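The values are calculated or read from the model by the stated rules, or taken from the named source; none is laboratory data. Worth saying up front: this structure is predicted, and the values here are computed from it rather than measured. Here the Cβ positions follow ideal geometry from the backbone for every residue, glycine too, while neighbour counts run over all protein chains shown. Only protein heavy atoms, including side chains, enter the accessible area calculation; ligands, DNA and RNA are left aside. Shrake-Rupley method; radii C 1.70, N 1.55, O 1.52, S 1.80 Å.
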Amino acid sequence: MIRRVTRFLDERAAAAPLLRKTLRYVFPDNWSFLLGEIALYSFIVLVLTGIYLTLFFEPSLKDTVYHGSYEPLQGQKMSEAYRSVVDISFKVKAGLLIRQTHHWAADVFVVAIVLHLLRVFFTGAFRRPRDLTYYVGILMLMTALLEGFLGYSIVDDLLSGMGLAIAYSVVMSLPVVGANVAMLIWGGAYPGIPSFESRMYIAHVFLLPIAIAILLSVHLLLVVARHHTQFPGPKRTERRVVGLPMVPAYVPRTLGLAFGVVAVLVLLGGLIQINPIWQWGPYSLANGTNGAQPDWYLGWLIGALRLMPGFDVTIGNYTLIPNPFWGGALFPLLVFAFLFAWPSIERRHSGDYDFHNLLDHPRDVPWRTAVGASVFSFVTIVFLAGAMDRVAVSVGVPYTWQIWIFRAALLVVPPLVFIVTQQMCSELREREWVEVEPSIARE
Amino acid sequence: MKRFGSWAIAGLVLLLGRGQRRRQLPPGKPVVEGGSPAPGSELVVVGLLLLAAALAVVFIVLFAGRANTQLLGLALGLCFAALAVASVLTAFRLLSSEVDDEPYPELHPFEAAEIEQIAVESGQHLTRRKLLVLAAGAAGTALAVALLAPLAALGPVFDTSRLRRDPWRKGMRLVDANGRVLRANDIELNTLHTAFPEGVDRENLAAPIVVVRVEPARLDLPADRSDWAPGGIVAYSKICTHAACAVALYRAPHFEPSRPRPALVCPCHYSTFDPATGGTVLFGPAGRPLPQLPLAVGRRGELIARGGFSGPVGPSWSGVRE
Amino acid sequence: MKPALLIAAFLALVLPQLGGADSGGDLYLQHCASCHGRGGAGVPPGGEHFGPPLQGVGEQAADFYLRTGYMPVQEASQEPVRKSSPFSDAEIRSLVTYIGSFGGPPIPKPQPERGSTSQGLKLFTENCAGCHQVAAQGGLVVGGTAPRLADSTPTEIAEAVRVGPYLMPRFTRRQLSDRDVDSIVRYVQLTQNPDNRGGWGIANLGPIPEGLVAWLLAGGALVGIAVLIGGRER
C-alpha cells in the first residue's frame, strides 16, 4: 500500500527523494524546543475555530434591538455585530464552546510565543545563521498582538469598545501626524465611519492571518533549512545535529503535543468562561465601566498608560506630544526595537560574529542572561502595574501609593535583577563540575 | 445473530492475536533500528483510541441534543486528550525512539559564486547599467506610491478641523439618556447626571456631558467663565482628554472634611478632574483639563447651553491647543 | 401567690430585654454622639472626633449604615467597610427609630419583581458601572473603593441609591424613579447569581483572571506536556 502511494507521488510530483529526506529528518530532543510548536498548534486551532465563527458573525454596526433568550438584554439597542456574538453564545449549538475555544487559543497562542521567545533569547538561538528566523518571529509576535486586539474588538461590547477608544487616542498621540493617521484609519473623528468595523473585520479574518501564515511558513522553512539548534553534548557538535528522526520517533511525539494542545484549549473552551460579552453589554461611547482591561497580552500597555505622569509636551501653545504617546506607542516601540536590535548588540559586545548551531546554557552567558532578565523584569513590572486598581480593591493598598511603588520599582528592580542574575549564573557554574572538552563541544 | 457472532470472533482475534506475520522487509541494511515489542502497551493504545472514538460519538450525541457547553467541551476535549496519550504512548512504547544524526548544512560557496556569475554574465553587454537601474528605481517607487495613493481616501487625512467640531450650539437644551429635558432643579448637590444635546446624534465624542452641582462658595472657575455655572451647576465633556473613555465616576463625599474632595474620575487610567475649578487635572495621566460647557437656565427652568466647549473634546493630538 | 410572683419576676427581667434594655437614645449617646453630636447635630472638625450631622437623614440612611456595618467607624477619615454590626437586630431598630426621629426619609421598600433585568442592566451601566463595575464586582474610585454588591440586600441597594453613602453620589427620584430602582435591584440580584453558562466564571472580572488562567493553567499544563514528551538536559 505504502509502495503504491510512494510510487504515485513520485510519478506525479517527483517527490520520492524529498519524502525520503523528510522521513528521516532529525529533530533535537528537548522539551523547550516544543514551545514554538505549541504556538503553531494554537494558531491552527485559531484558524479552524475562526473560520467557523465567520460563518455566524455579522460585521456590521447597524443598530438592532435584541429579542433573544437572554433576559437582561431584552429590548436593548445594540449593533448587529454584538447581537450576532450573543446569538453565537446563546443560540448556535456548540457556538459558545467554539467561541470560547477560539478566545482561549488566542490568549494561549501569545503565552506560547512569549515562552518560546524567552527560550530562544536565553539560549542564544537567535545568533547567526538564525537571525533572520528570529526577526521573522518578532514580526509574528507583533502581528499576533494586533490580530488578537482586533479579534475581540470587532464584537462591539462595552469592554472592547473602551479599548478601541484608547487605541484611537494612542494613534492620535503620535507626534505631528497622529490626528491625520487616526482619521485615515477611522475614516474621520472617533467613532469613525461604519465601515471601520469592516476594516477591522477584514484585517482580522483575512489580511493578518495571511500575514501570519506567510511569516510562519518562512519561519518554519528557515528552521528546517538550517536544522534546529541543539545543546552541546556527546556527539552534538557544530557540524552534526543529533536527534529523533521524523519517522518513526518524532511524528507521534509532535502529534501527541498537537492533540494535547487542542485538548487543553477545548477543555478550557468548555469549562472556563472567557469574555462573557452578554454580561458586559453593548458599547456606547457615553458609558464606561470600572475594571475595564485589555486582554492579557496588552496589559503592559495599560500599565504604562497608568504609570505615566500627567503632562502633554507643549511648545508654547502648540501641543507636540500628547500623554498617551509615551505609554501606548513609545514604550512598546522601544521594547520591540530592543528585541530586533539584540542580535547586533550582542555581536558588537561579545565580538562573536560566528555561526552557531550549538545553544548556550543561560548560566554560561551571564551578560546576555542578566540583560534579558533585567529587561524582562522591567516589562513585567509595567505589566503588573496594569492591575493596580484590582489590587487596590482586593488587597486595600491605595492606588496613589501603588503608582509611586511601581515607579520606584521600575528604577530599582531591573538593575537589581541584573546584578543578582549575574551572581546566580556564576554560582551555578561553579557548582557544576562538569568539564566540557573543547574538542567535542566546538569542533 | 450469526453475523454478530462472526464479528465478535473477528474482534477477539484482532485483540488477542499478536505479532503474527511480520511484514516482509526489503533486503539491505536496515534504516530504522528495530525495537522490542510491547503488546501490553499496544492494547492500552487500542483502548485509548476506542475511548477517543466513543467520546467523539458522545460529542455528536450531545450536539444533537441539548448541547450544554461544559459537557460538549468535556467530551471533545477528553477525546483529544485520549488521542494525545495514545500518540505519546505510541512514541515511547510502540515505536522505536532511537536517535540519529545528520550534518548541519554547510555553506555553498560554489553555487553562490555561480549565481553571481550568472547575474554578471547576463548583463555584461549593457552599456548604461546605472542609468537603467536608476530609471527602474524611479518607475518602481513612483508606481508603488501611485498604487498606495488610493489609501488616502480611507479618511479625511488632512482635515483635522473636524476634530474640533462639536454639536453644541447656543440655546440647545440638555436632555438625559431618555430624552427628558434636564431642569436646573434636578441637579442637586452630590448627584451625577449624564446629558446630551437635544435632537443631535449621540454617537459623537462631543455629545455626552456630565452635569453636577458645586456649592457656589467652592466654585473657582477661570475669570472668563464666571457666568458659565448658574447656581453652581457645571457641565463638562464626559470624554476623558487622556484616552477617550467616558468619565463615569463621580467622587461625591458626603462629609467633606474627612474625605478626598469631589471629583470626576475616569475609570480607565484614573485621571481625576476637579469640577469646581474648570475641570483641571487633579491626578492621573491626563494632560489637558476637561472641556467645560457654559450653561444657563432657560425661562422654564430648563438647562441650556450657552455656546460650545471651552476647548476641543476628547484625546489630545499635535496642535490641539491652538 | 408564689407563681404570680415568679411570673412577675420573670417578666420584669425579660421585658426590658425585649423592649431594648438601652433605648435608641441611650445607644446613640453611648456609641454615636461623640462624632455625630447630641441630637444628631454633628461635630465640626477640629477636635479628636468629628462627624456629619444626622438631622434629615432619616431612617433610610441610619438603617443602611447600621445594617451594613459601615457605621460605627473608629475615625471619620477611615473608609467604611462592610462588616457584621456590633449591634443586635433590636438595637439597630431602636437606633434607626431614634435617628429617624430627627426627620428624613423612611426605609424604602423596593419590589424587584416589578422591575425588569433589562432595564436594570441599562440603568446600572449608565449610572453605576463606572464605580461598581458592570457586573457589580466592585471597583476603584481614587481615594476609596466601590464595593462588590454580592452581599447587598434589596433594601440596602435602594437605600444606597438614595443616600449616596461615603463617596457615592446619590440619585433622586427624578433621576431614577422607584420603578427604576426596582429594576436596578433586580439586576444586582442577577449579578449575585450571574449567567455563567460558559463555565467557571472566574470572578466575572474579565481579562485579568483570564490571563492568570492562560498562564498558570494552560501554560502550566502545556509546558508540563512538553516536558513529558521532550527530552531533558541532564
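Please go through the range C:166-183 and pick out each residue that is more than 7 Å from chain B (Cβ to nearest Cβ), in contact (Cβ under 8 Å) with a residue 40 or more places away in the chain and of a type outside the set (A, V, I, L, M).
As a first pass, look at the range C:166-183 and keep what is more than 7 Å from chain B (Cβ to nearest Cβ): C:173, C:176-183.
Restricting the remaining residues to those that are in contact (Cβ under 8 Å) with a residue 40 or more places away in the chain gives C:176, C:178-183.
Result: C:Asp178, C:Arg179, C:Asp180, C:Asp182, C:Ser183.
If we scan the range C:138-148, do we find a residue that is within 12 Å of chain A (Cβ to nearest Cβ), assigned to a loop (DSSP other than H, G, I, E, B), in contact with a Gly (Cβ under 9 Å, 6 or more places away or on another chain) and open to solvent by less than 40 Å² (accessible area, probe 1.4 Å)?
If we filter the range C:138-148 for residues that are within 12 Å of chain A (Cβ to nearest Cβ), which is where we start, we get C:138-148.
Now drop any that are not assigned to a loop (DSSP other than H, G, I, E, B), which leaves C:138, C:142-143, C:147-148.
Within this subset, residues satisfying the condition of being in contact with a Gly (Cβ under 9 Å, 6 or more places away or on another chain) are C:138, C:142, C:147-148.
The next check asks that each one be open to solvent by less than 40 Å² (accessible area, probe 1.4 Å); those that pass are C:138, C:142.
Yes: the range C:138-148 contains one or more residues that are within 12 Å of chain A (Cβ to nearest Cβ), assigned to a loop (DSSP other than H, G, I, E, B), in contact with a Gly (Cβ under 9 Å, 6 or more places away or on another chain) and open to solvent by less than 40 Å² (accessible area, probe 1.4 Å).
Suppose we filter C:Glu159, C:Glu91, C:Glu113 for residues that are in the same structural domain as C:Gly56 (by TED's automatic domain parsing) and touching a residue at least 40 places away in the same chain (Cβ under 8 Å); which single one remains? If you could, list the steps in order and put the result at the bottom.
Values: C:Glu159 fails: in the same structural domain as C:Gly56 (by TED's automatic domain parsing); C:Glu113 fails: in the same structural domain as C:Gly56 (by TED's automatic domain parsing).
Of the residues listed, the single one that is in the same structural domain as C:Gly56 (by TED's automatic domain parsing) and touching a residue at least 40 places away in the same chain (Cβ under 8 Å) is C:Glu91.
May I ask you to list the residues in the range A:404-427 that are surrounded by 15 or more Cβ atoms within 10 Å (Cβ to Cβ) and within 14 Å of another protein chain (Cβ to nearest Cβ)?
A:Phe406, A:Arg407
Which condition does C:Asp151 not pass, out of (1) open to solvent by 40 Å² or more (accessible area, probe 1.4 Å); (2) in contact with an Asp or Glu (Cβ under 8 Å, 6 or more places away or on another chain); (3) not basic (Lys, Arg), if it passes all the others?
Condition (2) is where C:Asp151 drops out.
Do you know which residues across the range C:51-72 are of a type in the set (D, E, K, R) and either surrounded by 23 or more Cβ atoms within 10 Å (Cβ to Cβ) or within 17 Å of C:Gly103 (Cα to Cα) (or both)?
Step one: filter the range C:51-72 for residues of a type in the set (D, E, K, R), giving C:59, C:63, C:67.
Hits for the range C:51-72 are C:Glu59, C:Asp63.
Given the range B:214-310, what strands (runs of 3 or more DSSP E) lie entirely inside it while holding 1 or more residues that are over 30 Å from C:Val134 (Cβ atoms)? Before the answer, list the steps.
Numbers: elements: B:233-237, B:249-251, B:263-265, B:272-274, B:280-283, B:295-297, B:303-305.
Hits in the range B:214-310: B:295-297, B:303-305.
From the list C:Gly231, C:Gly198, C:Gly211, which one is open to solvent by less than 40 Å² (accessible area, probe 1.4 Å), assigned to a loop (DSSP other than H, G, I, E, B) and within 22 Å of A:Gln100 (Cβ to Cβ)?
Answer to the selection: C:Gly198.
May I ask you to list the residues in the range A:84-113 that are in a helix (DSSP H, G or I), without any contact (Cβ under 8 Å) to a residue 40 or more places away in the chain and open to solvent by 10 Å² or more (accessible area, probe 1.4 Å)?
A:Asp87
Failed condition for B:Pro260, given (1) open to solvent by 20 Å² or more (accessible area, probe 1.4 Å); (2) more than 10 Å from every other protein chain (Cβ to nearest Cβ), with all others met?
Single failed check for B:Pro260: (2).
Please find, within the range B:209-254, the residue that is surrounded by the fewest Cβ atoms within 10 Å (Cβ to Cβ) out of those that are more than 9 Å from every other protein chain (Cβ to nearest Cβ) and of a type in the set (Phe, Trp, Tyr).
Looking at the filtered set, the residue picked out is B:Trp228.
Looking for something open to solvent by less than 80 Å² (accessible area, probe 1.4 Å) and part of a helix (DSSP H, G or I) - is there at least one such residue anywhere in the range B:162-181?
Yes, the range B:162-181 contains a residue that is open to solvent by less than 80 Å² (accessible area, probe 1.4 Å) and part of a helix (DSSP H, G or I).
Select from the range A:312-361 the residues that are within 18 Å of A:Pro129 (Cα to Cα) and hydrophobic (A, V, I, L, M, F, W, C) and list them in ascending order.
A:Leu339, A:Phe340, A:Ala341, A:Trp342, A:Ile345, A:Phe355, A:Leu358, A:Leu359
So that you can scan it fast, the table gives a plain yes or no per residue for (1) among the hydroxyl-bearing types (Ser, Thr, Tyr); (2) within 30 Å of C:Ala146 (Cα to Cα); (3) open to solvent by less than 20 Å² (accessible area, probe 1.4 Å); (4) within 13 Å of another protein chain (Cβ to nearest Cβ):
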residue	(1), (2), (3), (4)
A:His356	no, no, no, yes
A:Trp367	no, no, no, no
A:Phe383	no, yes, no, yes
A:Gly386	no, yes, yes, yes
A:Tyr399	yes, yes, yes, yes
A:Gln402	no, yes, yes, yes
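Where the second residue is acidic (Asp, Glu) and assigned to a loop (DSSP other than H, G, I, E, B) and the first is over 21 Å from B:Trp168 (Cβ atoms) and in the same structural domain as B:Ala195 (by TED's automatic domain parsing) and lies in the range B:280-295, which pairs have Cβ atoms under 8 Å and are six or more apart or on separate chains?
B:Gly287/A:Asp312
Looking only at the range A:338-354, how many residues end up being under 26 Å from A:Gly303 (Cβ atoms) and open to solvent by less than 50 Å² (accessible area, probe 1.4 Å)?
The first filter runs over the range A:338-354 and keeps only residues under 26 Å from A:Gly303 (Cβ atoms), leaving A:338-342, A:345.
From what is left, the residues that are open to solvent by less than 50 Å² (accessible area, probe 1.4 Å) are A:338-339, A:341-342.
Selection size over the range A:338-354: 4.
Which of the residues spanning the range B:40-94 are within 19 Å of C:Leu228 (Cβ to Cβ), open to solvent by 70 Å² or more (accessible area, probe 1.4 Å) and within 9 Å of chain A (Cβ to nearest Cβ)?
B:Leu78, B:Val85, B:Phe92 - these are the residues of the range B:40-94 that are within 19 Å of C:Leu228 (Cβ to Cβ), open to solvent by 70 Å² or more (accessible area, probe 1.4 Å) and within 9 Å of chain A (Cβ to nearest Cβ).
Could you pull out the residue among A:Leu298, A:Leu244, A:Leu267 that is of a type in the set (A, V, I, L, M), within 7 Å of another protein chain (Cβ to nearest Cβ) and part of a helix (DSSP H, G or I)?
Just one listed residue meets the conditions, A:Leu267.
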